[in-house]
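Notes follow the structure.
Any read-out appearing in this document is the output of simple, stated calculations on the displayed coordinates, not a laboratory observation. All figures in this text were calculated on a predicted structure; none of them were measured in a lab. Glycine also receives a Cβ, built like all others from the backbone with ideal geometry; neighbour counts cover every protein chain displayed.
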Amino acid sequence: MDELEPVSGDSDVDHVGEGFGELVVAIICSTRQIEIMKALSIVRPSGSRIASGEKTLEVRRWKPDLDPNEDLLIVENGRLLRDEGDEDDAGRVVAVVRVAAVRPFTPNDMAAACGSYFEEGWLAWELVDIRPLFSAINVKAARGIYELDIPSDLTKR
């Protein structure tokens, strides 16, 4: 039998050959470490605007339960998640940020929030230490702040 060499690729399973009429598959054990991070999903194009530094305020009706030194992963997705438990499996990681402060949203905040209208009663989350990321991998987008398993080297770039 011929010696088999793995076909290069990013997947966890690579085709390495055929033998005895059956497909022989090698399981590649990944050496990547997985990290659990808190994440916030944001509808496109606002996530990309955060990643580029154009949008430095996120406006919500609720205050996040985050430490000022805690990283928050920004996941951009294509639709508004309205209902409790609503999720979108087509999210993309676009940035890691920190929320330095949360304060009342004012009309003067419109430009920093990339907002189109003002309404009383909202909170402005001041985003700092913005680190843009790129990943072609789809991840879960969900309502509120949620936990997401990601490769730890993704946030180190």
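Things worth noting here:
- Scan the range 103-118 for residues that are over 23 Å from Asp65 (Cα atoms) and exposed (fewer than 15 other Cβ atoms within 10 Å of the Cβ) and the total you get is 6.
- Counting only residues that are within 14 Å of Lys55 (Cα to Cα) and among the hydrophobic types (A, V, I, L, M, F, W, C), the range 82-104 holds 5 of them.
- The range 129-139, subset without any contact (Cβ under 8 Å) to a residue 60 or more places away in the chain and not basic (Lys, Arg), residue surrounded by the fewest Cβ atoms within 10 Å (Cβ to Cβ): Ala136
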